[in-house]
Amino acid sequence: MKSDSFKILTGFFVGAMGGLIAGLLIAPDSGKGTRKKINDTASKIKNELSDFAEETLEATKKSISESMDDLAKNHKEKDQAALKK
């Protein structure tokens, strides 16, 4: 199940893309100019999403690593406590 923050961010990006594209299509400009704006905007959004995905992946890796370290520490402490008994 996806977290609520992921759903909110996904909704934000989808809404932002839709709003940007709608705004570009409504704006009075030539077809060539509008296509260029859409292409530029799509490239910008792609780059932002790529950066967001990289940051999320790094944060997830860090969280998993910290969790693994905590589990190993807890396991070691339990083993030491069992040996003392």
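Just so it is clear, none of the values below were taken in a lab; they were calculated from the coordinates. In this text the structure is predicted, and so the values were computed from the model without any measurement. Every residue, glycine as well, gets a Cβ built from its backbone with ideal geometry; the counts of neighbours run over all protein chains shown.
Couple of notes before you dig in:
- Helix 4-26 vs. the chain, principal-axis angle (Cα, 0 to 90°, nearest 10): 10 degrees
- Sparsely packed loop sites in the chain (the chymotrypsin sites (Phe, Trp or Tyr not before Pro) outside DSSP H, G, I, E and B with at most 11 other Cβ atoms within 10 Å) do not occur.
- Rounded tilt (10° steps) of 31-84 against the dominant C-alpha axis of the chain: 0 degrees
- Amide H within-cut-off set for Asp29, under 5 Å, with H built and near neighbours excluded: none
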